[in-house]
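Remarks on the structure that follows.
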Amino acid sequence: MRNNKKKLIVLSSPSGGGKTTVARFLLNKLPQLKFSISATTRQIREGEVNGRDYFYLSESEFMQLVNSDGLVEWEEIYGNYYGTLRSEVENALSTGLTLLFDIDVKGAMSLRKAYPEDTLLIFLSPPRIDTIIERLKSRKTETPEQIQKRIERMNMEMKHMDRFDHIIINDILDKTLSAAEVIVERNVSE
């Protein structure tokens, strides 16, 4: 009899939608989760650590993985490449680990397509567009032009939220964290 528990749990939202905050909370609350570290070609930000936040790769290293089918999903976003290493997913599935992903909407759809029986998708929806815009500005990690590109992409991503297993309106942080914990804990508990 197949276990109904999903081993690939995906948090997705538009940029600035709270994925990273919710992921960190869940990883602290539920030690049975392991964070899926994505690969990227973007520059490392202050406070980030290679191998903990991302696997930081050169563009040529990233393209070698693309060409050798070493990525489950990948995409160019704002001039940088992001992707999920197939080796990380296969290792988790073969050892029974439950991976928690913090990835964009297109990546979530690709992961579900590659592993339909093993993937649980959770969408964090902003209560209002202006909430996301303020979050993006307050991070102070992007230029106004980059923020505008993120807003345009957000509109595309919001159109896909009905394809997710769960939608959480990320309005009040404590409620968002609690809702995510209930969903994930129900999935990982025996």
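The values are calculated or read from the model by the stated rules, or taken from the named source; none is laboratory data. Not measured: the values here are computed from a predicted model. Using ideal geometry, Cβ is built from the backbone for each residue, glycine included, and neighbour counts are taken over all protein chains shown.
Data table
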| read-out | value |
| --- | --- |
| Subset of the stretch 148-164 [acidic (D, E) and touching a residue at least 12 places away in the same chain (Cβ under 8 Å)] | E157 |
| Single residue of the stretch 34-61 satisfying the filter (β-branched (V, I, T) and in contact with a Phe, Trp or Tyr (Cβ under 7 Å, 6 or more places away or on another chain)) that is nearest to T141 (Cα to Cα) | I44 |
| Filter result for the condition that a residue is surrounded by fewer than 12 Cβ atoms within 10 Å (Cβ to Cβ), at negative phi and either in contact (Cβ under 8 Å) with a residue 40 or more places away in the chain or outside any helix (DSSP H, G or I) (or both), over E117, E185 | E117 |
| Condition broken by E76, with the remaining ones in (1) modelled with pLDDT of 95 or more; (2) assigned to a strand (DSSP E or B); (3) surrounded by fewer than 20 Cβ atoms within 10 Å (Cβ to Cβ) satisfied | (1) |
| Selection from the stretch 98-136 of residues that are farther than 14 Å from V184 by Cα, of a type outside the set (G, A, S) and in contact with a strand residue (DSSP E or B) (Cβ under 9 Å, 6 or more places away or on another chain) | I103, D104, V105, K106, M109, L111, R112, K113, Y115, P126, P127 |
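Conditions (1) in a loop (DSSP other than H, G, I, E, B); (2) under 13 Å from the mean Cα position of the chain (by Cα), marked per residue:
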| residue | (1), (2) |
| --- | --- |
| T21 | no, yes |
| R24 | no, yes |
| P31 | yes, no |
| R42 | yes, no |
| R52 | yes, no |
| F55 | no, no |
| D69 | yes, no |
| Y81 | no, no |
| S87 | no, no |
